[in-house]
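In what follows, a structure is listed as structure tokens, so that the remarks can point back to it.
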Amino acid sequence: MTISPAIPEDAGFIADVVLGAIGEEHTLHMAGAPERVPLVHKVFKRLAARKDSQYSYCNTIVARTPDGKPAGAAISYDGARLRELRRAFIEEANAILGWNLTEEQFTDETSPDELYLDSLMVLPEFRGNGLGSKLISATREKAREAGKPLGLLVDFENPKARSLYSSIGFVSAGIRPFAGKDMEHMLLY
């Protein structure tokens, strides 16, 4: 496997990563109805193709098989840029999903003093071989270059993920709300 920066053509895969990271329940909640799930995917695919969004290919690294097939990805960005990058999400969600979002409706899931690991996913057929750890390690290097710790949120209902993060060295840094739910904020120094 090789890990390299994503390219614009990875936008569909990046959308899959985001939806995989947020889970079926939250995706369905965003969609409002099962038949609208493709619209949610469209939002994230468009965001991944942009340079100015949280979910941009510019903020993504992709693990690829020797034949170039994406096997996993990590999306991260400087927490200081959250509000600037979130504008694209508000714009695309309002246009495609017919929402009426404003910046004031959001709580910040990250802070300016960290590089935020927004989404991480390894395709099921590639799990269990340390690929998630390799993606985190590459993202950690990006955080070191920025002079910031690596931060993330983990669902309290996902002990497997929390265990993975703890085994790598992440430590609990409190609780932060995300999408109406309290999550554990973890940092890797």
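The values are calculated or read from the model by the stated rules, or taken from the named source; none is laboratory data. Fair warning: this is a prediction, and the values are worked out from it, not measured in the lab. Here the Cβ is made from the backbone with ideal geometry for all residues, glycine too, and neighbour counts use every protein chain on show. Note: accessible area is taken over every heavy atom of the protein model, side chains too, but ligands, DNA and RNA are not part of it. Shrake-Rupley method; radii C 1.70, N 1.55, O 1.52, S 1.80 Å.
For every residue, the table says whether it meets (1) over 24 Å from residue 39 (Cα atoms); (2) part of a helix (DSSP H, G or I); (3) modelled with pLDDT of 95 or more.
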{"position": "63", "(1), (2), (3)": "yes, no, yes"}
{"position": "73", "(1), (2), (3)": "no, no, yes"}
{"position": "77", "(1), (2), (3)": "yes, no, yes"}
{"position": "94", "(1), (2), (3)": "no, yes, yes"}
Taking segment 140-189, which residues are outside any strand (DSSP E or B), under 16 Å from the mean Cα position of the chain (by Cα) and within 25 Å of residue 130 (Cβ to Cβ)? 140, 142, 143, 158, 161, 162, 165
Considering segment 128-170, residues that are modelled with pLDDT of 95 or more and among the basic types (Lys, Arg), and then whichever is farthest from residue 73 (Cα to Cα), we arrive at 148
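Could you list, in sequence order, the residues of segment 135-148 that are in contact with a strand residue (DSSP E or B) (Cβ under 8 Å, 6 or more places away or on another chain) and open to solvent by 30 Å² or more (accessible area, probe 1.4 Å)?
Result: 138, 140, 142, 146, 148.
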Within segment 125-132, is even one residue touching a Gly at 6+ places or on another chain (Cβ under 7 Å), of a type outside the set (Gly, Ala, Ser) and under 17 Å from residue 20 (Cβ atoms)? yes
So which of 118, 108 is of a type outside the set (Phe, Trp, Tyr), exposed (fewer than 15 other Cβ atoms within 10 Å of the Cβ) and in contact (Cβ under 8 Å) with a residue 24 or more places away in the chain? 108
Hey, can you tell me all the residues within segment 66-96 that are open to solvent by 20 Å² or more (accessible area, probe 1.4 Å), touching a helix residue (DSSP H, G or I) at 6+ places or on another chain (Cβ under 8 Å) and over 20 Å from residue 31 (Cα atoms)? 70, 78, 83
With the requirement that a residue be hydrophobic (A, V, I, L, M, F, W, C), open to solvent by less than 30 Å² (accessible area, probe 1.4 Å) and part of a helix (DSSP H, G or I), what does segment 19-58 give you? 19, 30, 31, 40, 43, 44, 47, 48
